[in-house]
Structures are given as structure tokens and as C-alpha cells.
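What follows is a set of notes on a single structure, which appears directly below.
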């Protein structure tokens, strides 16, 4: 990787953030599928197409104890504090937000695996490996059944014309707001923040930067 990239891991609606001080030499991305083969009598083997499997990203690097030329910034957090924070996020049961600037990597993930320890006498530095898996918000479909066989008649004098006009929903940003938090409040899931971002690209350039007073359209 080159120095123009920044790698971030955030949590709790961007309220907690970790910027990786050293960029890994490379990271691995796997995009499989969930297709499966079945045998049908008289037809032989057929392939049942499924939705794409979740993306998995993994990489290895280290958290340095001291500043050196390969570090991306100067004010280093002690490696053990970073590692313990990632462990806490991993065990929380909630997704994290993984971002690599300039590489178009911007996704919510679960931390599938995280290991760390000292190597080669580099006292204080912690070498780690991490595996992140794309997080997808799942909602069960609801079916409404009308149990009434007949609709109650409405006297002519009380009938009113239905207003079919749709009023656009908006949210005015206040101090402390994040797209994740706004999405969780209005759409029922913070993971749908990209829907708000895509509707408001005319006023938002970076989904992590919104400002009080902005009026955002909602899906």
C-alpha cells in the first residue's frame, strides 16, 4: 500500500474510531457464492443459484510501540489498548465499519477473527491478524392478512377523499448526528445509512462528515 491510503475501523455509529498506524503490505478479498449442486432423478446434476456470499477481507500487520518512518501519524495509542478495543468490538455482537480511503472499500463487517502477540523481540509492538466479513442487515418479511370478509360501508355523508400526495421525509442534522444514527432512528437499521448518503450526494461528499443545519432527504 502507498501512504495516500488511510485505513479505519469504527464502532457505535462512528463514535469510536481506530486508524491503523501502519498499513499492511497487502490485504486479501474473497468473493465466493452460495451456489449448490443437487441431483434430480431423470435430469442429473443441476445447479441452484443463490445470492452472492458475503465478502471476506483479511490482512496481517502490527501496531508499533514507537514512531518510525513507516508510521502514518505521530500520536500513537499503546498497542495493547488498540488490541483490547478491537477484542471488545469483536465480542459485542455488533458490526464495525471498515474503511480504506482512496480504495473504494467502505463496508460494515463482523470481526470474524482477531489474533495478536509479540514477535521477534520487538518489545511493546503487537503483531496481529484480522478477518472481517461483510455484514448484511436481515429483516423478516411481514404479510398482512385481512380477516374481514366484507368491508364496512361508510355513509355517503361521512366519506372523504383520500389524500394521495406523498410528503417527503427529511431530517435536519444537529450536533452529534451521524448517518448511522439517523438511519437507525428513521429506517430501523444503521446499516442502511448508504441509502441516505446516496439520496443526498448533492450536499454530502463524505458519509463520515455531516454538519448541523443540513436538511437530509430520507428514503
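The values are calculated or read from the model by the stated rules, or taken from the named source; none is laboratory data. Since the model is a prediction, treat every value here as computed from it, not as a measurement. Cβ placement follows ideal geometry from the backbone for every residue including glycine, while neighbour counts extend to all protein chains displayed.
Summary of values
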quantity	calculated
Whichever residue in the stretch 180-207 is crowded, with 17+ Cβ neighbours inside 10 Å and touching a residue at least 40 places away in the same chain (Cβ under 8 Å) and, among such residues, is nearest to residue 16 (Cα to Cα)	180
Test: residue in the stretch 29-37 that is at pLDDT 90 or above, surrounded by 10 or more Cβ atoms within 10 Å (Cβ to Cβ), part of a loop (DSSP other than H, G, I, E, B) and within 18 Å of the chain's Cα centre (by Cα)	no
